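What follows is one structure encoded as structure tokens, with my remarks underneath.
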Amino acid sequence: MREDQKYDVVIIGAGIGGLTCGALLAKNGFRTLVIEQHSIPGGYCTSFKRNGFIFDAAVHFSEGLGEGGRFYQILKELEVEKEIELHKIDPLYRVFFGDESFSVSADLNEYISMLSKKFPKEGKGISELFETINRLKKETEKLPTPLRIWNKIFVPLKFPLVFKYYKKTFAEMMVDFIKDVRLKAIISAGGLMWVCLHLKYRPRKWLVTYTVLTSKAITIQKAGLKF
């Protein structure tokens, strides 16, 4: 960096947000400088080695990298979508309860089918729970931003599910659909891999504030997330 160099935009922090903004700005003709105090860029999306093993610093995987996904669209805009090797994670992980284990499929329909077979009496509630989450996603996508006072008046009419659940935790939401305590524990532990991607987190609680339920692939960069 030359001291006499002039830039249109200076971005402090080379995390994913800073790098994405910098790349998009530069692609659109802005003279852009990204400054990072660490020795490598990437922020939370970096990795390190210990005793021959690669560990992710924070982010372990990402959704929305399948074709048509939101992150895929950014990569495509930057014309780098073919330069990154991605691996679909399936199953996402396994949940252990005593002597039993449950695999959380990357395919939402398969996951719902597995839960329904394990708990046939709860089949209707399971389907309705995830269908409600999907409807919540669609409602939140239509919410005006910012939500001005005159918009708030019509929220109960135009966005009934958002109005019903926006102050409730995920546990409180499940009460409307699931009765079996064990099933609730399984969904909370394993199913939340699907739900946590689209529910706002608060310590010890999952707030049903907004949802981004997706059927796109959960993926990870080969050899860990790193730059």
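At a glance:
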{"item": "Residue check for residue 90: at pLDDT 80 or above, within 30 Å of residue 185 (Cβ to Cβ), charged (D, E, K, R) and in contact with a Leu (Cβ under 6 Å, 6 or more places away or on another chain)", "result": "no"}
{"item": "Residue within segment 57-69 that is exposed (fewer than 15 other Cβ atoms within 10 Å of the Cβ) and more than 30 Å from residue 131 (Cα to Cα) present", "result": "yes"}
{"item": "Scope segment 26-35; condition touching a strand residue (DSSP E or B) at 6+ places or on another chain (Cβ under 8 Å) and part of a loop (DSSP other than H, G, I, E, B); matching residues", "result": "30, 31"}
{"item": "Among (1) under 22 Å from residue 11 (Cβ atoms); (2) hydrophobic (A, V, I, L, M, F, W, C); (3) touching a Lys or Arg at 6+ places or on another chain (Cβ under 7 Å) - the single one residue 106 does not satisfy", "result": "(1)"}
{"item": "Only one of 126, 40, 74 that is outside any loop (DSSP other than H, G, I, E, B) and not assigned by TED's automatic domain parsing to the domain that holds residue 176", "result": "74"}
{"item": "Options 113, 105: the member that is small (Gly, Ala, Ser), surrounded by fewer than 18 Cβ atoms within 10 Å (Cβ to Cβ) and under 29 Å from residue 90 (Cβ atoms)", "result": "113"}
{"item": "When residues of segment 126-170 are limited to those that are loosely packed, with under 15 Cβ neighbours inside 10 Å and among the aliphatic types (A, V, I, L, M), the one modelled with the highest pLDDT", "result": "157"}
{"item": "Near pairs, Cβ below 6 angstrom, 6+ apart or cross-chain, from segment 74-85 (closer than 15 Å to residue 25 by Cα) to any residue that is of a type outside the set (Asp, Glu) and assigned to a helix (DSSP H, G or I)", "result": "78/23"}
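Residue-wise test of (1) in contact with a strand residue (DSSP E or B) (Cβ under 6 Å, 6 or more places away or on another chain); (2) within 30 Å of residue 184 (Cα to Cα).
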residue: 13; (1), (2): no, no
residue: 24; (1), (2): no, no
residue: 46; (1), (2): no, no
residue: 55; (1), (2): yes, no
residue: 61; (1), (2): yes, yes
residue: 69; (1), (2): no, yes
residue: 82; (1), (2): no, no
residue: 96; (1), (2): no, yes
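The values are calculated or read from the model by the stated rules, or taken from the named source; none is laboratory data. What you see is a predicted model; the values in this text were computed from it and never measured. Here the Cβ is made from the backbone with ideal geometry for all residues, glycine too, and neighbour counts use every protein chain on show.
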